[in-house]
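The values are calculated or read from the model by the stated rules, or taken from the named source; none is laboratory data. Note that this is a predicted model, so its numbers are computed, not measured. So basically every Cβ, Gly included, is an ideal-geometry build from the backbone, and we count neighbours across all protein chains shown.
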Amino acid sequence: MNRFPFPVTWWVLLGLFAALLSGCQGPSSRFLTQAGQPSPGRLPEILDRGELLVAVSGDLPPLNMKNKTGEIIGLEIDLIQSLADAMGIEVRFIQTPFPKLISSVQEGSADLAISGITMTPQRNERVPFVGPYFISGASLLTKNHDLAEHQDIEHLDRPDRRYAALANSTSSQFVKNFLSQATLVSTENYEDAVAMVIAGQVDGLIADFHICMLATWRHPDAQLVASRTPLTVEPLGIALPPNAPLFLNLVSNYLNTLEDTGLLTQMKARWLSDGSWLSELP
């Protein structure tokens, strides 16, 4: 169910997209191999199943997170829900630790993964991506105001520094590559990492800017500060299964449609410009 109102053009878009998909269902939608033999593809399987299986971390506000009732909400959730609505099927979000998102798609336990996944060449060797649907960048969350204001590598990269970063993330790789003298403390989720910053167990957290800013909003008494100058540029994409060209084509076309009609901008405004949703969190 969509969590924010859409203009009439939205429902027109859904109708047109559903009409295009109606010709893709059933055995006739199976694409042919070079030998001319029918080969089942992921898209026909999804349509036959009537359910889209989506791997998300569930702890990456405002992209995806759990509300007070345990429901996963966020920008990415609305984006994928709108895709499923247009396909005329249900969607099931499967909470998956960030380090296992890509493998869940590779192994087939999820049809796609979305959770602030930066499109890198190394990840693209494993799965194809559609996007970017959002451009982010790594920032520093810290209680040390001097550290936040002076972000040159020489100031950050010292043996006495300790930085937390999400395991297997581009932020973690950034610490390894550019802050090699400092100690990297890998975490499974951002909640633990922020708690370590507040407790003084690490000098800071290297994470996407929106993660750092939200931490300052949610912990107003912790004297946290987030640097506003990005350390990196992070294009976020949707990870899809290898060897699924029809599904890749569908998701790519749909994302382009959301962008061209301005509907993706509306979704971003809901979660990135208006903090009213913070009251929904535990």
Item to complete: Search segment 55-74 for residues being outside any loop (DSSP other than H, G, I, E, B) and either of a type in the set (Gly, Ala, Ser) or touching a Lys or Arg at 6+ places or on another chain (Cβ under 7 Å) (or both), and hand back the single one that is surrounded by the most Cβ atoms within 10 Å (Cβ to Cβ).
Response: Ala55
Worksheet item: Looking at Thr229, Thr216, which one is out of contact with any Ser or Thr (no Cβ under 9 Å at 6 or more places or on another chain), of a type in the set (Val, Ile, Thr), over 26 Å from Leu83 (Cβ atoms) and surrounded by fewer than 19 Cβ atoms within 10 Å (Cβ to Cβ)?
Response: Thr216
Worksheet, complete the sentence: Taking segment 190-212 and keeping residues under 21 Å from Val233 (Cα atoms) and either surrounded by fewer than 18 Cβ atoms within 10 Å (Cβ to Cβ) or assigned by TED's automatic domain parsing to the domain that holds Lys66 (or both) leaves none
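Which is within 21 Å of Lys100 (Cβ to Cβ) and not charged (D, E, K, R), of Ala226, Ala164?
Numbers: Ala226 fails: within 21 Å of Lys100 (Cβ to Cβ).
Matching residue, one of Ala226, Ala164: Ala164.
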Worksheet item: Going by the conditions given, is Asp85 at pLDDT 95 or above, of a type outside the set (A, V, I, L, M, F, W, C), in contact with a Lys or Arg (Cβ under 7 Å, 6 or more places away or on another chain) and buried (at least 18 other Cβ atoms within 10 Å of the Cβ)?
Response: no
Worksheet item: If you take the residues of segment 186-232 that are part of a helix (DSSP H, G or I), under 20 Å from the mean Cα position of the chain (by Cα) and of a type in the set (Gly, Ala, Ser), which of them is modelled with the highest pLDDT?
Response: Ala193
